[in-house]
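One structure below.
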Amino acid sequence: MATDIADATDARTAADNSRATEAILLVGGKGTRLRPLTVNTPKPMIPAAGVPFLTHQLARARAAGVEHVVLATSYLAEVFEPYFGDGSALGLSLEYVTESDPLGTGGALRNVVHRLHAGPGDPVLIFNGDILTGLDIPALVATHRRTGADVSLHLTKVPDPRAFGLVPTDPDGRVTAFLEKPQTPEEIVTDQINAGAYVFNRSVIDAIPAGRPVSVERETFPGLLAAGAHLQGMVDSTYWLDLGTPHAFVRGSADLVLGRAPSPAVPGRHGERLVLTGAQVADDAKLSGGTCVAAGAVIGSGARVDGSTVLAGARVEAGAVVKNSLIGVGAEVGARTVLDGVVLGDGAVLGPDNELAPGARVWCGARIGAGAIRFSSDQ
Ligand code: GTP
């Protein structure tokens with residue numbers, strides 16, 4: 001009996017040690033790499049697998065024991081609260097703080113610190129608002145407590161680290177440097193990069209300078225390291241994707257639909273396709289590769305849509321072929337038009353018999369006539 005009580009107490013202590021009840025979500029960026037999708041909608045509110053991307057992050061935070069979330073907003077700030085309200089639908093208490101001028105990732109944290117309930121030594125989770133990941137959030141909190149760090153960072157390993165700042169660690173996982181994007185092969189000293197999820201002791205957020213832009217990556221982290229603070233890295237190599245580019249966003253949405261990326265918030269069963277209530281899909285249309293079709297969208301006869309996201313009210317006409325593409329709200333893809341790796345901004349209209357190259361972006365509201373664009377890879 002005494003052993004049972006001791007075991008129960010140990011289990012409870014372990015659970016407490018791996019839990020942080022507060023989080024800040026950074027959702028104020030302009031999302032320039034995702035334009036034209038971010039012209040009308042901030043990146044975290046673009047639907048991925050049928051719901052605003054932020055829903056997946058909030059649901060994962062809730063599942064990890066988070067109760068109170070402060071959203072640090074700036075760009076198109078007004079759209080968040082009407083959708084998420086007080087957060088009770090997700091079992092969370094949500095608050096919103098808006099920067100009239102963007103304060104950068106560090107400045108945004110400092111700007112919301114007065115809304116936290118945490119004491120100075122308590123852990124606060126921080127998430128970039130554009131990362132899709134299966135990170136073991138309780139493990140990051142447990143690592144933070146076990147090592148007594150001031151800040152703990154989720155690190156992920158990437159096959160080609162040239163496009164990222166590198167974060168080497170010592171054998172105990174303690175961060176030894178923050179290195180800019182490597183320019184030469186010799187500068188690639190590690191394949192570990194900052195994955196955009198952290199645990200900060202609240203006192204560290206209090207110490208960020210107030211009232212001016214601060215970058216957590218370029219100023220706060222290197223400054224803390226230089227001052228002798230303890231920054232702990234935790235490598236977690238589960239699913240990780242930065243949804244900052246159109247290609248990555250479409251991939252992330254498809255992975256959510258397929259069940260490759262974990263989220264409790266996908267509104268339906270995992271599979272090749274997710275068709276939301278109110279969408280119309282012709283019986284002989286083929287949807288595959290994690291394609292999501294939103295409410296009010298129409299997919300015509302014989303159309304093939306693979307690995308793509310079709311947003312609300314958009315139309316893909318008969319015989320069109322759409323692959324790895326994002327079709328904006330109310331946009332139209334004409335009959336027999338072929339798209340591969342294309343972004344169609346909200347309300348854009350592509351006439352029939354066009355063919356667009358991978359990487360093409362059509363601006364919101366643009367109109368392209370029948371057969372006006374023909375891309376062929378052998379030209
Ligand atoms: P790009 O313009 O395409 O680089 O995207 P971004 O503006 O989102 O920038 P980045 O991907 O570097 O930002 C990382 C995270 O921090 C995202 O979740 C942004 O929403 C957020 N963020 C970036 N700058 C600010 C800011 O000034 N204020 C707030 N509140 N959040 C920010």
Problem set entry | Out of Asp4, Asp16, sole residue that is under 24 Å from Ser203 (Cα atoms), assigned to a helix (DSSP H, G or I), open to solvent by 10 Å² or more (accessible area, probe 1.4 Å) and modelled with pLDDT under 95 | Asp16
Problem set entry | Evaluation of Ala210 against (1) open to solvent by 60 Å² or more (accessible area, probe 1.4 Å); (2) out of contact with any helix residue (DSSP H, G or I) (no Cβ under 6 Å at 6 or more places or on another chain) (one fails), failing number | (2)
Exercise. Residue check: is Leu71 modelled with pLDDT of 95 or more, assigned by TED's automatic domain parsing to the domain that holds Ile208 and either open to solvent by less than 10 Å² (accessible area, probe 1.4 Å) or outside any helix (DSSP H, G or I) (or both)?
Worked result: yes
Exercise. In the stretch 79-102, what residues are more than 14 Å from the ligand (Cβ to nearest atom), out of contact with any helix residue (DSSP H, G or I) (no Cβ under 9 Å at 6 or more places or on another chain) and open to solvent by 40 Å² or more (accessible area, probe 1.4 Å)?
Worked result: Glu81, Pro82, Asp86, Ser88, Ala89, Ser93
Problem set entry | Which listed residue is out of contact with any helix residue (DSSP H, G or I) (no Cβ under 9 Å at 6 or more places or on another chain), in the same structural domain as Leu241 (by TED's automatic domain parsing), of a type in the set (Asp, Glu) and surrounded by fewer than 20 Cβ atoms within 10 Å (Cβ to Cβ), from Asp170, Asp191 | Asp170
Problem set entry | Qualifying positions in the stretch 317-350 - closer than 15 Å to Cys364 by Cβ, part of a loop (DSSP other than H, G, I, E, B), in contact with a Lys or Arg (Cβ under 9 Å, 6 or more places away or on another chain) and open to solvent by 10 Å² or more (accessible area, probe 1.4 Å) | Gly330
Exercise. So which residues in the stretch 182-231 are touching a Leu at 6+ places or on another chain (Cβ under 7 Å), closer than 30 Å to Ser100 by Cα, of a type outside the set (Val, Ile, Thr) and assigned to a loop (DSSP other than H, G, I, E, B)?
Worked result: Pro213
For this session: Just name the residue that is farthest from the ligand (Cβ to nearest atom) out of those in the stretch 110-124 that are closer than 16 Å to Ala61 by Cβ and buried (at least 21 other Cβ atoms within 10 Å of the Cβ).
Result: Pro123
Seminar exercise, completed: Selection over the stretch 263-300 where residues are among the hydroxyl-bearing types (Ser, Thr, Tyr) and open to solvent by 60 Å² or more (accessible area, probe 1.4 Å) yields a count of 1
Exercise. Mind checking which residues of the stretch 221-265 are touching a Ser or Thr at 6+ places or on another chain (Cβ under 8 Å) and either within 16 Å of the ligand (Cβ to nearest atom) or among the charged types (D, E, K, R) (or both)?
Worked result: Asp236, Trp240, Leu241, Phe249, Val250
For this session: May I ask you to list the residues in the stretch 354-367 that are over 22 Å from the mean Cα position of the chain (by Cα) and open to solvent by 50 Å² or more (accessible area, probe 1.4 Å)?
Result: Glu355, Pro358, Trp363, Arg367
For this session: Might you let me know whether the stretch 136-148 holds any residue that is at pLDDT 95 or above, assigned to a strand (DSSP E or B) and in the same structural domain as Leu231 (by TED's automatic domain parsing)?
Result: no
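Let's see how each residue does on (1) more than 8 Å from the ligand (Cβ to nearest atom); (2) in contact with a strand residue (DSSP E or B) (Cβ under 7 Å, 6 or more places away or on another chain); (3) open to solvent by less than 60 Å² (accessible area, probe 1.4 Å); (4) assigned by TED's automatic domain parsing to the domain that holds Gly345:
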site: Asn40; (1), (2), (3), (4): yes, no, no, no
site: His56; (1), (2), (3), (4): yes, yes, yes, no
site: Ala59; (1), (2), (3), (4): yes, no, yes, no
site: Gly65; (1), (2), (3), (4): yes, no, yes, no
Exercise. On the given criteria, is Ala261 in contact with a His (Cβ under 6 Å, 6 or more places away or on another chain) and part of a loop (DSSP other than H, G, I, E, B)?
Worked result: no
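The values are calculated or read from the model by the stated rules, or taken from the named source; none is laboratory data. For clarity, every value in this text was computed on a predicted model and none was experimentally measured. Positions of Cβ are generated from backbone atoms using ideal geometry, with glycine treated the same way; all protein chains shown enter the neighbour counts. Surface accessibility is based on the protein's heavy atoms, side chains included, excluding ligands, DNA and RNA. Shrake-Rupley method; radii C 1.70, N 1.55, O 1.52, S 1.80 Å.
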